[in-house]
Amino acid sequence: MGHLLGYARVSTTDQDASLQIDALTNAGCYRVFVDTISGSLQHRPELDKLLDQLRPGDTLVVWRLDRLGRSIRHLIDQLEVLADRGVGFRSLQETIDTTSPGGRLVFHVFAALAEFERDLIRERTNAGLAAARARGRTGGRPSLLSADQVRAARRMYEQKEMTVAQIGSVLGVSRTTIYRALNRPPTTRASRLPNSTA
């Protein structure tokens, strides 16, 4: 029979993990790992230690689902990795236990809902892009430079009057924006006229 290992997570604004630790201990966890998150959830050293110690047959236990996952999709990805390793998962507040048939059913319902949500987002995004194209717009951020500014930047660059950094400084944009503008093909007849000394 595998071990129960608990995971608790608190933020710097709520640093009291005793409620979670007590609940996890009462549930039979022989060890509880606690992360204090001050910013991004990307770096969770105690969770990394716990995951390293889990063996097939063990069960990861949390007080509540949001202690483990940043979102439903992230949570499901985490649980799929655990399942592939032969590790179970329990959430005490939601009474989910993937080591039981009922818990696995709930997990699959969550996974289906997350997939459904992702498909809806994809469909809405594609529909929005199609509508924008129909109105003559393309995707991406709008240019920071007007057509006249792009022509001026190209003229200064081609006449070697200034460096790209100096052109950006004059026009109030970054070097990257100037490079992007210089690589953009001319969109009007005026921009294709011979260089002017004006």
- Query: Does any residue of the stretch 75-88 turn out to be touching a Ser or Thr at 6+ places or on another chain (Cβ under 6 Å) and farther than 26 Å from Leu113 by Cβ?
  - Reply: no
- Which members of the stretch 126-163 meet the condition of being surrounded by 11 or more Cβ atoms within 10 Å (Cβ to Cβ), at pLDDT 80 or above and among the hydroxyl-bearing types (Ser, Thr, Tyr)? Tyr157, Thr163
- How many residues are of a type in the set (A, V, I, L, M), open to solvent by 20 Å² or more (accessible area, probe 1.4 Å) and part of a helix (DSSP H, G or I) if we restrict to the stretch 164-180? 3
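The values are calculated or read from the model by the stated rules, or taken from the named source; none is laboratory data. No experiment lies behind these values; they were computed from the predicted model shown. Neighbour counts run over all protein chains shown; Cβ positions are idealised from the backbone, glycine included. Please note that ligands, DNA and RNA were not included when accessible areas were found on the heavy atoms of the full protein model with its side chains. Shrake-Rupley method; radii C 1.70, N 1.55, O 1.52, S 1.80 Å.
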